[in-house]
1. Explain nothing, just the number: dipole magnitude of the chain about its Cα centre with +1 on each Lys and Arg Cβ and -1 on each Asp and Glu Cβ, in debye rounded to the nearest 20.
2. Grab the Cα-Cα distance for ASN286 and LYS150, subtract it from 0.36 nm times how many residues apart they are, and report the gain in nm with one decimal.
3. For SER107, list long-range residues whose amide hydrogen, built 1.01 Å from N in the peptide plane, is under 5 Å from its own amide hydrogen.
4. Calculate log10 I(q)/I(0) of the stretch 102-248 for q = 0.14, 0.17 Å⁻¹, where I(q) comes from the Debye formula with a single equal point scatterer on each Cα and nothing for solvent.
5. Using just the Cα positions, wrap the stretch 30-173 in a convex hull and report its mean projected area in square nanometres, one decimal place.
6. Restricting to the stretch 152-262, what percent of DSSP beta bridges are antiparallel, rounded to 5?
7. For the stretch 155-167, just list the computed ³J(HN,Hα) in residue order, Karplus coefficients 6.51, -1.76 and 1.60, θ = phi - 60°, integers in Hz, with x standing in for Gly and Pro.
8. Divide, for the chain, the radius of gyration over alpha carbons by 2.2 N^0.38 Å, where N is the residue count.
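Please treat every number below as a calculation from the coordinates, not as lab data. These numbers come from a predicted model, not from an experiment. Neighbour counts are summed over all protein chains in view; Cβ atoms, including those assigned to glycine, are modelled from backbone coordinates with ideal geometry.
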Amino acid sequence: IQYRSSSNEDRLTVMLNRKQFLKTGFLGAIPLAGIGCTNVNKFTGSKPVVIATWNTAIKANEAAWKILENEGYALDAVEAGVRVEEDDPMNMSVGYGGRPDREGIVSLDACIMDDKGECGAVVFLQNYKNPISVARKVMEETPHIMLAGKGAQQFAKDQGFEEMDLLTPKAKEAWEKWLENGKYEPEVNIENHDTIGMLALDAEGRLSGACTTSGAAWKMHGRVGDSPLIGAGLFVDPEIGAACATRLGEEVVKTAGSALIVEMMRQGYSPEEACKIAVDRIISRNKRNGTSLKNTQVGYLALNKDGAFGAYSIQEGFTYAVYNADGNRKMDSEFRS
Ligand code: SD4
């Protein structure tokens, strides 16, 4: 059985996919507010709400929720939320402490998109730990949507951001260990703690999203993935919903992942079903080409205009965190194989 829901409540139809049925039973997929069913708001939606990639985003959600619960702006919430991970040296895939490229240099990518469909991004940014805030400045202070490399660095400096060395002793040690073999082999789920993509719907119904990363560990110097690319790592259509991605960016870009998910929600698919369609697109592309996805992970999150949310990934192990009126909690994504 498949489920499909639309953002228009009158047309809401909820059916179960088989995995969901086995997990929760039929009652798990219909609106049963107040009787302890954890999936209630996943299907019906409520606002405000914030969701973020990987269940370690619980702390990031708290920062976002502080803004959302005080009727704050979704854009401020996602910026404050992902900054928690950018500042955290223990997260070795984002901001300060991120794993460097194969030359030992940390370069960061980020983008942000607001409730008016405005966006800003920075790519290949070095020596500034909060690329998401620089991306927001690009959106708000320039006529452009993306700045790269030295230009992005100069802009960050001009905007008063503090310059610093982003390579922590822990990340340097990991890089030196990697150099012993020097092979570029993307891992499926790194420490359950990775790129952060965050989507929020505020009390006024404004949608925003942010995505920030240090990119694939041991990447070629200059490599940019999906995370700062609007339509790939993140997309927000204020009238429909928002989506974001994590893990192997090359696969996300080749299938325009986040834009595809939002378009599927426009056609009436639920957030989870839309994410599944985007995952299937990656799988069918690789099948056609005879390439293996055995060591490849991509995880998608989606949030619609009603506050219903969902996730889907290629492989098991993609987790996320949700904060809404039911509290802040960890979730496991449905997956394909
Ligand atoms: C990227 N999706 O740059 C991001 C993040 C990543 O290891 O690869 N993390 O492709």
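1. That gives the chain a dipole magnitude of about 1220 debye.
2. Extra length available between ASN286 and LYS150 comes to 45.4 nm.
3. Those lying under 5 Å, H to H, from SER107 are ASP101.
4. Here the Debye-derived log intensity ratios amount to -0.68, -0.94.
5. 10.6
6. Around 90 percent of the beta bridges assigned by DSSP in the stretch 152-262 are antiparallel ones.
7. In residue order, the calculated couplings are 4, 4, 4, 4, 7, x, 6, 8, 7, 7, 7, 8, 7 Hz.
8. 0.94
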